[in-house]
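Take a look at the structure set out below.
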Ligand code: FAD
């Protein structure tokens, strides 16, 4: 009898634990994906993620078809759809890889219970983390809230082996149950605003491995410093692939370990970033309320301001601070933003503009192709000064100095702000200070074709610190 393989956030064939187990069983495999956004509650995939998912499902289906298989797509309630497929195929086993978001964890536990009661054999596996969150606790048995001790605890553990170093042939049934057409899942928006994404990304498993190889053959050497430069291609851009499981951290770490020839700190600094992802999952798992509430609960009463016009200016990259605006437009155009710039724009929103970190997290959720509940929550609470191992709120990034330090020639700004393309590097991060002759040469009219700063840096900083004082004394 067939084995039903339920794909979720593990859209790959290589190093897929549940698939490896299914292959080992030797029975025909029925691969299934169920689109059930309401099961993720308020955190159903956003618009950019849905675009990615559409492409990733298409890619996975092609991979399976190339092997003589199929990907059965369904929409609805997971349990009902699984039961329907089980009934049609006569499957007696259901396998999947685990998820860690609380609503999905609860759902998976219910589905597991219900199917077992139906008499099925159900098993789940780890395929998306090096160390699952329940495997690391402090000396007093508490979950870690600080990265470095967490990392020290897990860094020397032997790396988990790949589930399947080489993918053997899979067996499939002679006929498959009906499948919803991919287009009917309506993952693509009616208005094709995602055209820019198409020139940046190829959301397939093969492309993920290609990106990893490319990164390991070039940028990793200089990653220790290069990772902070948004004007260079210094990072791996693997985050959306890792989120959707088109590549797994075991594969990344194994490929890194193979590069024994690498000199310098690049490879070890990169490995530490993979452990930041693990840490984010650790925090989300142990503190499942954090996507909606600060880990440091007292920050939920911070005196945030709320101004739709201000929020909109930030979202659209119209704040008048070039590094902030370039970041927000990179996000809009490509569905991704460089990490250094994510730190700058998030700090700007919660400090200079005094807006709640949750407003920023929601916008990122809808616009990032790598939107990930664990990493996004950790990142936003880090900037908001209210999360695990967070930057203290009183540390206010200066968007001018950050721009000058990490985009010294203004190449990153020029890429995303065509209106500043002719601005000399000296004034790139302070265009409002440029003399009239330079503005005229560059074709920039502050307040007309590029905004004046939405708030003066010093005023914004002072206002943020005053709000912090007010909050502390309340
Ligand atoms: P690389 O530098 O090549 O790093 C490799 C991998 O390590 C990444 O793909 C990612 O999986 C992991 N990683 C690196 N930095 C971090 C980090 N700080 N936290 C957790 N994992 C990390 N990352 C997401 O994947 N999804 C998000 O929704 C997300 N939201 C963020 C929001 C804010 C406000 C901030 C400050 C950071 C956020 N990050 C998020 C973390 C980080 O910015 C991205 O993981 C990184 O920019 C992805 O680019 P890359 O793959 O080139 O990273």
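The values are calculated or read from the model by the stated rules, or taken from the named source; none is laboratory data. As the structure is a prediction and not an experimental result, all values here were calculated from the model. FYI the Cβ positions are ideal-geometry reconstructions off the backbone, even for glycines, and counts take in every protein chain you see.
Here are the numbers for the structure shown:
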{"quantity": "Selection status of residue 247, assigned to a helix (DSSP H, G or I), within 11 Å of the ligand (Cβ to nearest atom) and on the phi < 0 side of the Ramachandran plot", "calculated": "no"}
{"quantity": "Flag if residue 295 is within 15 Å of the ligand (Cβ to nearest atom), under 20 Å from residue 395 (Cα atoms) and assigned to a loop (DSSP other than H, G, I, E, B)", "calculated": "yes"}
{"quantity": "Among the candidates 223, 270, residue that is near the ligand (Cβ under 8 Å from one of its atoms), under 23 Å from residue 323 (Cβ atoms) and part of a helix (DSSP H, G or I)", "calculated": "223"}
{"quantity": "Test set (1) in contact (Cβ under 8 Å) with a residue 60 or more places away in the chain; (2) within 14 Å of the ligand (Cβ to nearest atom); (3) crowded, with 18+ Cβ neighbours inside 10 Å - residue 366 fails condition number", "calculated": "(3)"}
{"quantity": "Residue 161, sole failed condition from (1) farther than 30 Å from residue 329 by Cβ; (2) at pLDDT 95 or above", "calculated": "(2)"}
{"quantity": "Scope region 345-356; condition over 17 Å from residue 309 (Cβ atoms) and more than 8 Å from the ligand (Cβ to nearest atom); matching residues", "calculated": "347, 350, 351"}
{"quantity": "Pair list, Cβ < 7 Å and 6+ apart or interchain, from region 297-309 residues that are in the same structural domain as residue 145 (by TED's automatic domain parsing) to residues that are surrounded by 11 or more Cβ atoms within 10 Å (Cβ to Cβ) and in a helix (DSSP H, G or I)", "calculated": "none"}
{"quantity": "Candidates 255, 263 - the one that is more than 10 Å from the ligand (Cβ to nearest atom), in a loop (DSSP other than H, G, I, E, B) and on the phi < 0 side of the Ramachandran plot", "calculated": "263"}
{"quantity": "Helices (runs of 4 or more DSSP H) wholly inside region 301-404 containing at least 2 residues that are within 24 Å of residue 229 (Cβ to Cβ) and modelled with pLDDT of 95 or more", "calculated": "322-334, 339-347, 357-367, 373-383"}
